Structure formats: C-alpha cells, structure tokens
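Written out below as structure tokens is the structure these notes cover.
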Amino acid sequence: MPHVEVLPNSASVSAPGWTYVVDNGYDPSKVAINPKDRKRAAARPGGARGENELSARQQTAIARRIAELERDNDPKQSIPVPGKGSVPKTQNARRIIQYQRQIKHWLDDEIAQLQQAPPPLPRSAIRAANQQLRKASTLTGVPPMSSEVTPGPLSSGLATPALPLRAEPTSEIDSLLSIERSMPPPLKSAELASLLSAPPLSYVASHVAPPAVGGPPQRQFCDNCGYWGKIKCLKCGARICGLECKDAHEATRCLKWA
Amino acid sequence: MPPKISKKATAAAPVKTLVLDNGAYTLKAGLVAPSGTPSYDDCRVLPNCIARSVRDKCMYTSSELYQCKDFGELAFRRPVEKGFIVNWEAEKAIWEHELLSETAGEGLRCDPKDTNLLLMEKPNCPKELQKNCDEIVFEQFEFSAYYRCVGPTLNAYHPSIPSSLSSLPRECLLIIDTSYSDTTILPIYSGQLIQSAVRRLTVGGKLLTNYLKELASLRHYNMMEETYLLNEIKEAVSFVAPSTQQFSKDLERTWKGRLGDKRTVDSSIVLDYVLPDYEGAIHGYARPHDPLQSRVRRGIQPLQGPREDVLPLGNERFAVPELIFRPTDIGIQEKGLPDAIMDSLSVLPEALKLTMLSNIVVVGGNSLIVGFVERLESELRSLVPTEYLLNVSRADDPIKHSWLGAARFASQPDLMKQVLVQKAEYDERGSTWLAKRFSGGDK
Ligand SMILES: [Zn+2]
Ligand SMILES: [Zn+2]
C-alpha cells in the first residue's frame, strides 16, 4: 500500500536506496475550509499553496496540539492552596476568590460581549473598517480577527477598536510602497491625538495576522527527528524525513492528535 | 475621623509603593520610597505558583521553591493564565505568603493599609478580569491607594541618558516584551501606550518549554511530567540561529541521515545534557555530545563508571526558539516577530514609525536566549527602508527592566499623585468608575 508521497521542496535531496510513491488520493481543492472556524483558520497555512493545504482533520489535530502547548495549568492536577489565608472580607471578594474558571472562559465571555454590543463607531471609521477588511480578505481569504465562537464571517466587535485611527487608510500603504522617500511628512497633532485616545483592542484582536501571501512557504519538518519533512504520512498527514523515521512515527505519534 | 496621633504617624512615615509586576511565571516585586532612586537590586523575583511533588506530596508556595531539592514530577498551579490573573484563590495565597505575612522576604513585607500598590498588567486584559482585580485589591487587601496599568509602558520612565534626572518619559519607545505567556509589541509615545498598535504573538517561554518537553519525550525519554527540568534545559542549551540560511545549515549538521545515507552528527553543535538524579545533584548540566553515550543508553555498549542519564540535544537547541521567528513551523498561523513588529508599526504615521524603529528595547526572559537580539535586528534590517535608522537593544536585566521602569515612575510623587486612586475614593465611587479612570476615560 502506498503510504508516502514526495512533495516539492527547495531543500529536497535525492534519496538513493528507496522510492517515493506519489500520492494521488488527496486533492486540496476538494477540502472544504470553513473560514468561520478559528481553530481551523489557525491551523491553515497562509495562501493557496496546494501542497500545504490541510484536511479538516489535520487542522483540528494541529489546533489541539497548539492548545496543549499553550496551556497554563494541567486540568488533571488539582493542587490545593496550602495553609490558612485571610478570610474573604466581603461577599464580592468571596465570590471572586472562589471562581475556578480558566482563562478560556473569560476570553469566551469577552468575545460574546463584544458581539452583543459592538462599540459605536464614527462613520469614517466604518468606511475604513470595510476597506481594511476587504484588504485583509483578499490577502488571506480569511478575516484575520474571526474567532472560534463567531458564527458570522466577521464579528464587528473584534476588528473595530483599532479602526478609528484609520482615518486615512491609504497612507500606510503609500508609505510602504515609496521607500525611497527619505523624509516622512511631519506628525499631525490631530492624528497623534486620535492614536493616543484609541481604546485597547480585545484580546483576540491583538493577535498577529497570519503570514502574508507571497512570503516564504511554511517549512515542513520531520515529525520524528525534526529534520526537513519531505515525505507525508498518508494516515495522518504528518511529515517525515525518511522511512526510518516513518516507522518511528507510526509507532508513536501517528494519529495521536487526530 | 482618625485620632490625631495616628494621623501624625502617617505623616511622619512617607507612604511606600509596592511595585508589582505580576507575571505568569514570576512576580517581580519591591517596595519603593517616594523620591528614592530604585535599582534592579530592589526587585525580588518570586515564582508565581504553588507547586506540589507528585512523589512525596511536598507543597511549595512561591519562594519556598528556592529551597526545593527535588524537582522531579513537580506539578504547578499558576494563578496567572495567558498573562492575566485568573485564579484569585491561589494569587491571594501567594501575595499573602510573599508580601504580607511573616513569611515575606526581607524588605518586602508591607501592611496594605499604609502602602500604595502599583500593579503592572499585560496589555489587552479582559475587562471582567480587571474588575475582579480592582475589587480584590481594595476590598480584600485594602491597599491605601492603587494604580493599575500596562506594565511595559512604564519602561518610558527609564532615563534615556543614564545620569539624567528628568521625570519626563521617553518620547518614542518600542518595547518588545517576550515573556513566559507570550510575546507582545508595544509602541509607546510619551509614556502612553498606542493601544491600536499593540500586537501579540502566541509564542512565549511557556510554549517553548512545552514544545521542548514534547520533543524530548518523543525522541528520548518520557519527560511530560518534568516541566521544571525542561525549562532548565531550555535555558541552558537554546540558541537562536542567526538567519534562516544558518538554520538550514544547522539542521543538516544535526541530522542522523537515513537508511543508506547515515551521517555523523556534528559534535560541535549537539550537546548532551546530564540529567539530575535529585539525589546527588539537584541541577543538570550540558557538555559536548559523546556518541558513545547514546550507544550506552541503547545497551550496545557496556556501562562503565557511575550511571548517568543523558539527554542528547541537537536541532532542539535552535528549532525550539525559532518558533518566535517562524510560528508557522508548528502550524501557528501568525507572522514571526520581525513581520509582526512591522505590522504593529504600520498603524502609525510614518514619522512616528521611523522614530520607533530607532528606539526598540527588548525585555522579557526569552530575550536572554543566545542570538535572539541579533536575529531580530538582522531580520528587521531587511524589512526596514535602508535609509531608516534601526536600533535594537536588550535591557541590561530583561526580567526586571519593566519593574525598574515602574519603580522609577513610582518614586516620583508628582507622577504618582496624578494616577493613584485612594481607597476612600473607590469606596465612594465603585469599580466601574475605577475601571474607566484607569483606562483614561475619567480623570
Ligand atoms: Zn526524521
Ligand atoms: Zn502518521
């Protein structure tokens, strides 16, 4: 049964002694990608690079693994607070001290609240927001601020806090293009004032955008030894460097995160 | 109305400020007197956790960990998640243990009733958590007065010229805070954070340690319960490759080859980490790789001399910290740090962007990884117009630097007067008003 495929890779080295089997069973264009799902969006490589497209199952697997790497506290461990501290002094303090929620609950609450009550925006900001979103979506195909619990393609509360400053949405692009220009225009005080008075972004909105299309392609590593991953495991989609690591991969991690 | 005598006593002793950088991994804490000249030495670094040994059930609260002799299978409870105080039951126990009771370290113990609190938080903290925090500070701890703000912002109060006594903040400062929870980019203008330009990368020290733990467990021994040790190993052996080209070269040098194409790994880059046994040694150490050792482990070679467990580290040394520069290496769909900085600055007018680029200061524990600042600077150089001045520096003590900025701010009574909120004021006006006040909405 063919279990390996060769993938185009600039670092590819010809490998004597064994043969790659080309995989024809996977067509990225047939994989439905749901841009509303942040977990999947998070696991999705930027741009339309065919060989990097992932199946929904792989995306879930990657998202799960990242969540594991990001975790602050192990839910399996319940460590009691030693000794006797001061007693809560008010009912309110008692309530807060007794919360056993994790950060994800608070962040989900924040997202839900922003969806319920989008902050009011000046009209120019809405215009800027729309331009910004159009720009973002042509670049990545995915609204960068969408979140996992967002049902719509765009959650108003998430992207907006940044935007009141974008009164001149094109100036940034201009300046990026004209790098020969030696001296930038002086700072306008109104512009500065509006920058300084802008409210904080929500937690989700503060995250860095996915890599731009046209940048260096995502690097792929051997799931077992960390060398370049030029071969793809057809069971789980992980990359491996050669047959030796493929055996080790199948014995340990294959399908672990699926 | 308090009796006259206590009023006099308060007037005699100037109110000190507890400056507290409440990180997920460590608290940075120190008491600062008005008009004093604080230094790094005034800052204590305390683990922000409660730990329990799975083996002997011993418990350690915060600084008690410094007395721990066996870090094997130590489990941690951390009140701060993603940089924000989430669990007040544990945080209260740690504050009480380290700052308020007789177990507090020398020079740290204070009575909140006659102490100000300057609490440093991460940017983009959910409002509900800020509210909980404010309420606990006044209702449970009853601090005399309080100010909460985005901690790294106060780096603007480091004098730009060392001898300068000016209390004015730096005009432009771009702080890169690469810490345990994540990596944040904070453009600061005249001591004020430009909120819309704040950017956050998921990758921080915690993720790097967990990633190394995962790799070591997959490739060598199951070390999934050895977070403390893997963090120690990460700190001892990691380096950031100077460029992506060098990264590729190092990856070749550390590759074992494949069937039919076996290679010898380059011993000048592969290290062996001698694991502590927690009997003779509490800490491990790294030494150059000895290929014989790994054969011993596999039972090919007979064992001679005392038994030791060795963890070989090849590409893990540089592939782990590489995630800050290439989060996509493990599928995190975010730009790397240099591109993220350019993203953040793209929000700013060009004149401001230009000045920010010549005033970049890196703080946070990950900046201690060998090669970090050099790689950041060289990648940024390739993204910034050639005629722009680029200046990236690492704080002398990147772990305590934000604390010291805050301490310098706290030592200036005229600055503190503008921002502190008295307990009586809180009692009268409540936490919703307080939140508005701290966010600059109500002066
Ligand atoms: Zn391999
Ligand atoms: Zn597999």
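The values are calculated or read from the model by the stated rules, or taken from the named source; none is laboratory data. Remember, predicted model here, so these are calculated numbers, not experimental data. All Cβ positions, glycine included, derive from the backbone under ideal geometry; neighbour counts span all protein chains shown. These accessible areas exclude ligands, DNA and RNA; they are computed on the full protein's heavy atoms, side chains included. Shrake-Rupley method; radii C 1.70, N 1.55, O 1.52, S 1.80 Å.
Around the amide H of residue B:362, modelled in the peptide plane, lie the amide H atoms of B:176, B:393, B:394, B:395, all under 5 Å away and 5 or more residues distant in sequence or on another chain.
Taking every residue in B:131-142 and counting other chain Cβ atoms within 10 Å of its Cβ, the average works out to 4. To the nearest µm²/s, what D does Stokes-Einstein give for chain B at 37 °C and 0.692 mPa s, using the Kirkwood radius over alpha carbon pairs as Rh? Rounded, D is 138 µm²/s. For residue B:285, nonlocal amide neighbours, meaning residues 5 or more places apart or on other chains whose placed amide H falls under 5 Å from its own, are B:274.
Taking chymotrypsin sites (Phe, Trp or Tyr not before Pro) across segment B:145-244, the ones in a DSSP loop with at most 14 further Cβ atoms lying within 10 angstrom of their Cβ are B:221.
Summing Lys, Arg as +1 and Asp, Glu as -1, what charge do residues with Cβ under 12 Å from the Cβ of residue B:128 carry, residue B:128 excluded? Neighbourhood net charge equals -2. Taking amide H as placed 1.01 Å from N in the peptide plane, the amide H of residue B:18 sits under 5 Å from that of B:32, B:116, B:117, B:118, each at least 5 places away or on another chain. Taking other residues whose beta carbon is less than 12 angstrom from the beta carbon of residue B:27, and scoring Lys, Arg as +1 and Asp, Glu as -1, yields +1. What Kirkwood radius, in Å to one decimal, follows from the Cα pairs of segment B:324-443? For segment B:324-443, the Kirkwood estimate is 17.6 Å. Report which residues of segment A:50-84 become buried by 30 Å² or more of accessible surface when going from the isolated chain to the complete set of protein chains (1.4 Å probe; DNA, RNA and ligands ignored). Buried on complex formation: A:65, A:66, A:69, A:70, A:72, A:73, A:77, A:79, A:80, A:81, A:82. How many square angstrom of accessible surface are buried between B and A, both sides summed, with a 1.4 Å probe and rounding to 100? About 8300 Å² of accessible surface is lost on pairing.
Averaged over the residues of A:189-198, the number of partner chain Cβ atoms lying within 10 Å of the residue Cβ comes to 4.
Considering only B:80, B:392, B:265, the Gaussian network model of chain B with Cα springs below 10 Å gives its largest mean-square fluctuation to B:265.
For helix B:423-438, report the angle its Cα long axis makes with the longest principal axis of the Cα atoms of chain B; keep it between 0 and 90° and round to the nearest 10°. That helix lies at roughly 50 degrees to the long axis. Partner shielding of B:93-99 amounts to 3, given as the average count of beta-carbon atoms from other chains within 10 Å of each residue beta-carbon.
If you sort the three axes of the alpha carbon gyration tensor as a ≥ b ≥ c, you get a/c of 1.5 or more for segment B:6-139 and a/b above b/c, which makes it prolate.
Under Stokes-Einstein, with the Kirkwood radius over Cα pairs standing in for Rh, what whole-number D in µm²/s applies to segment B:61-127 at 20 °C and 1.002 mPa s? This corresponds to a translational diffusion coefficient of 154 µm²/s.
Convex hull volume of the Cα atoms of segment B:227-275, normalised per residue: 113 Å³. Quick check: net charge around residue B:207, other residues with Cβ under 9 Å of its Cβ, Lys/Arg +1 and Asp/Glu -1? Local charge sum for residue B:207: -1.
From helices alone, chain B scores -9000 deg cm²/dmol at 222 nm; the rule is -39500 (n - 2.57) for each run of n ≥ 4 DSSP H residues, then divide by the residue total.
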